[in-house]
Amino acid sequence: QVQLVESGGGLVQPGGSLRLSCAASGSIFSINAMGWYRQAPGKERELVAGITSGGRTNYADSVKGRFTISRDNAKNTVYLQTNSLKPEDTAVYYCNADVAERGKFGTENYWGQGTQVTVSS
């Protein structure tokens, strides 16, 4: 079994920054793609940013130029640096990872429990 634990959320004023972290632990052989999603009240969960094991990234249009995703493969951790935050960025942010587990074939997709980001003055 694998666990993803997010941290770094909180309350921030418009224009501020937060750095989200997500650490994976458990019976991990390797991690393929990792990503950050978010879900605002009354809305569907949406992809914010993704990163492959090789470091290739993609972003939602709404966050391009403001958010940066990165990962530390040695620590099984993915980060999301969020800058120039706007009220519309308010949501629960979830970490996602495709994990190859020791002793198993293929990969399993895992989600973290979410961390709240609130952008308000």
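Numbers for the structure displayed
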item: Length released on extending from Arg56 to Glu108, taking residue separation times 0.36 nm less the Cα-Cα span; result: 16.7 nm
item: Dipole magnitude of region 1-111, debye to nearest 20 (Cβ charges: Lys/Arg +1, Asp/Glu -1, about Cα centre); result: 200 debye
item: Inter-site label distance for Asn32 and Thr68 at 7 Å from Cα along Cβ, in nm; result: 2.8 nm
item: Accessible area of the chain divided out per residue, in Å², using a probe of 1.4 angstrom; result: 53 Å²
item: Sites matching GluC sites (Glu not before Pro) across region 1-85 that sit in DSSP coil, with at most 14 neighbouring C-beta atoms within 10 Å; result: Glu44
item: Number of Lys pairs (Cα under 29 Å; 8 or more positions apart or on different chains) in region 1-107; result: 5
item: Gaussian network model of the chain, Cα within-10 Å springs - most flexible of Thr107, Thr82, Thr90; result: Thr107
item: Given charges at Cβ of Lys, Arg, Asp, Glu: the chain dipole, positive-most of Leu47, Gln81, Tyr59; result: Gln81
item: Trypsin sites (Lys or Arg not before Pro) within region 1-109: DSSP coil, no more than 16 neighbouring Cβ in 10 Å; result: Lys43, Arg45, Arg56, Lys64, Arg66, Arg102, Lys104
item: Simple spin-label estimate for Ser120 and Gln39 in nanometres, 7 Å along Cα-Cβ; result: 2.0 nm
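The values are calculated or read from the model by the stated rules, or taken from the named source; none is laboratory data. This structure is a prediction, so every number in the text was calculated from the model and none was measured. When we count neighbours, we look across all protein chains shown, and the Cβ atoms used for this are built from the backbone with ideal geometry, even at glycine. Side chains included, ligands, DNA and RNA excluded: accessible areas come from the protein's heavy atoms. Shrake-Rupley method; radii C 1.70, N 1.55, O 1.52, S 1.80 Å.
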